[in-house]
1. Could you identify the single residue in F445, F503 that is in contact (Cβ under 8 Å) with a residue 12 or more places away in the chain, surrounded by 15 or more Cβ atoms within 10 Å (Cβ to Cβ) and within 30 Å of G567 (Cβ to Cβ)?
2. For the range 520-538: of the residues being of a type in the set (K, R) and closer than 15 Å to A574 by Cα, which is modelled with the lowest pLDDT?
3. Within the range 490-519, which residues are modelled with pLDDT of 90 or more and in a loop (DSSP other than H, G, I, E, B)?
4. Just to check your reading of the model, which residue among T530, T581 is farther than 27 Å from H641 by Cα, of a type in the set (V, I, T) and assigned to a loop (DSSP other than H, G, I, E, B)?
5. Taking E139 and the conditions (1) modelled with pLDDT of 95 or more; (2) touching a Pro at 6+ places or on another chain (Cβ under 8 Å); (3) under 26 Å from L290 (Cα atoms); (4) not aromatic (F, W, Y), which numbered condition does it fall short on, given that it satisfies the others?
6. It is to be established whether one or more residues within the range 353-373 are of a type outside the set (D, E), surrounded by fewer than 19 Cβ atoms within 10 Å (Cβ to Cβ) and in contact (Cβ under 8 Å) with a residue 40 or more places away in the chain.
7. For the range 355-396: of the residues being touching a strand residue (DSSP E or B) at 6+ places or on another chain (Cβ under 7 Å) and basic (K, R), which is nearest to P185 (Cα to Cα)?
Amino acid sequence: MRLIETDAFPFEFLSRLAERESWRKEIHRPIYHVHKWWAKRLGSIFRGILLGAALPESGDLAAAFYKPHQFGDVTVFDPFMGSGTTIGEAHKLGFTALGRDINPVAVEAVRTALGPMDAGRLQAAFDELSRGVGKGLREFYLSVDSSGHPCDVLYFFWVMQAPCPDCRKPIDLFPSWVIARNAYPNRKPEVQILCPSCRDIFPGLHGQEEATCRSCQSRFNPDRGTARGAKTTCPNCQGAFPILDAIGRTSTRPDFRLYGKLVLTRAGDKEYLPATDDDRAVYRACSARLEEEVARGEIVLPTLALEHGYNTRQAMSYGFAAWRDFFNDRQLLALGRLHRAIGRIADPPTRAALLTLFSGVLEFNNMFASYKGEGTGAVRHMFSHHILKPERTPIEANVWGTPKSSGSFSNLFRSRLLRASEYRQMPTEVNGTGSARGRVCSPPFTGQVAEHWPCDGPRGERAIYLSCGDSAATGLPDRSIDLVVTDPPFFDNVHYSELADFFHAWQQLTPRARSGDGRTTRHPSEVQDTDADRFAAKLRDVFGECHRILKDDGLLIFSYHHSREAGWKSLADAVLGSGFTVVNSQPVKAEMSVATPKSQAKEPIQLDILVVCRKQSAVEFLRPPIDQAIESGRQKLQRLHEAGFQLSRNDRRIVLFGQLLTTLASAFDFANLAEYVDDMGEFSYSSPVPQEAVVQNLLFE
């Protein structure tokens, strides 16, 4: 038996590390943040999973966590590779690691992060780009400050417009006239206000209910703009109407108006100013250049159209029909020129790394990005809500960037690529003592990724194999894998491929070995579905393949959480239907608690459940009775409570669901059990209570 299979597994220790890591994941584990992917899991958790699966039941995880290891004879497979967390952590520990994902955007990002990467060559290539294409891009973002001196523009501010159905005048869709505020308004209450009459921008105070424009003296409520929810009111004829109705009549994406800018003065200060006629003239010149350079074939832009889907329907309802529509003309010109320049880099690994960085820059430089304000990274990227939500007041960032802007190519080069390169040479772990300095515990990354998927069996210590394809049909030999460690998708949640197509539209312009027809990264076998039964069937197919390639004494371990009963029943269908049995589950801290989707939930889930499985046919496992599983869940919740974790009702629910999986011989049993617990009482952390009371409070408080 392995440590992770026992109740002695120290999930509190891992959860403390995970909580520290979650606040600055991109600092502690930059290797997994070279490019955007969704639902990234914490590296410290997956290091703990791998060690817990390799150590005997008497092992000391806390002691082993900060020691170097070489599990050279152990092979790990991740069928839902995503951002590559399992693969990177396995490589650091000396395992042979195999990663597979059905989405080519994910595979390309991991190939870059773990493949050849020379910091010196990257810097030399960046410097060459800066002297060449970078110089031209910076000229697109030049203006003058309030004193008439030349200056850099950090950000341009735009507003979406809708035509009034009555008077046909364009209406600026401002939800409020406050265009900028500090992330901590109680400490720094100054805001920037746009005058609806003369369009001047002037300072005000957070929360003020009346503002007086310093230029035209008009008075207005700065929190009451023209757009409220789904409707807007025309300031010209006072007609009120649904925004989508007005936009839908045009059959094109909405128009946007340039109204403001944030500049960096010659003295190094930031200054909010209205956009000028000269600023608009520069933009029109960029539009003309874009048309000319595309017509001459000098730059190539995405041509892919959006496909109807759960995550694309909102953007399509606003008239965004093609991925190119997500950008304004200046962004397209700058990005097109930058993409062309990177494609001319001679060294293939350097070119691939910078193309991946370019792809990551896209999420900050489009008309779905918005302004977070002062006090934090200024650009709120387009996927902050895991959906394609049209932005009514988008921000246009400086594509090349300055030392004081965010989301730019130059800034992300330093914060993503160079940081990842440094981490690869000296991998660190989050310090358990609370110190900010990480502890070096692993050898450097080799930078080698096998070119071919090992259909005849994996070989080589610390070898990395990556492939793009359906994990229900890997082509790997029977019983060739020691461990399957993964984080599967959640049904009815993030539709990865629909979002990844935004990047794919640009990446397919310079294709590598990819799957699919090039129009989309969607695949009929992608394990994602709004229907619980179809989701379970797809997941069961992948787990069935894992059962085939897993050695008889191997473990399947995956992280999971879901607030709904149907999500757990689907999981039970997939696990038990593929020939596995759940031998234990371990609760651990998940991603940062203030992440946008969590912060908006009434009962946010802050835990993941590590579900530990063995083959039903290869092990004699005595399923615990229900009361024993419930008591085990109570004790684990008590341990987290004593460790200082404040748990929501949904946290407590999923801990119990995880333990109840160990009692099941079939998913039918789970359905009966969920119904059985519907009539039960209260729960106490501190003392054993009747079985009925425990379940009721955990599940149905």
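The values are calculated or read from the model by the stated rules, or taken from the named source; none is laboratory data. As the structure is a prediction and not an experimental result, all values here were calculated from the model. When we count neighbours, we look across all protein chains shown, and the Cβ atoms used for this are built from the backbone with ideal geometry, even at glycine.
1. Numbers: F445 fails: within 30 Å of G567 (Cβ to Cβ).
Just a single option satisfies the conditions, and that option is F503.
2. Applying the first criterion (of a type in the set (K, R)) to the range 520-538 yields 522, 534, 538.
With the extra rule that they be closer than 15 Å to A574 by Cα, the set shrinks to 534, 538.
Numbers: R534: 90, K538: 95.
Checking each candidate, the answer is R534.
3. Going through the range 490-519, the residues modelled with pLDDT of 90 or more turn out to be 497-509.
The answer is Q508, L509.
4. Details: T581 fails: assigned to a loop (DSSP other than H, G, I, E, B).
One residue alone meets the criteria, T530.
5. (2)
6. No, because not a single residue in the range 353-373 is of a type outside the set (D, E), surrounded by fewer than 19 Cβ atoms within 10 Å (Cβ to Cβ) and in contact (Cβ under 8 Å) with a residue 40 or more places away in the chain.
7. Per the stated criteria, the residue is K372.
Yes/no matrix, rows are residues, columns are (1) more than 21 Å from D279 (Cβ to Cβ); (2) touching a residue at least 12 places away in the same chain (Cβ under 8 Å); (3) out of contact with any strand residue (DSSP E or B) (no Cβ under 6 Å at 6 or more places or on another chain):
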{"position": "M160", "(1), (2), (3)": "no, yes, no"}
{"position": "D166", "(1), (2), (3)": "yes, yes, yes"}
{"position": "L173", "(1), (2), (3)": "no, yes, no"}
{"position": "R187", "(1), (2), (3)": "yes, no, yes"}
{"position": "L194", "(1), (2), (3)": "no, yes, no"}
{"position": "D223", "(1), (2), (3)": "yes, yes, yes"}
{"position": "K231", "(1), (2), (3)": "yes, yes, no"}
{"position": "C237", "(1), (2), (3)": "yes, yes, yes"}
{"position": "A240", "(1), (2), (3)": "yes, no, no"}
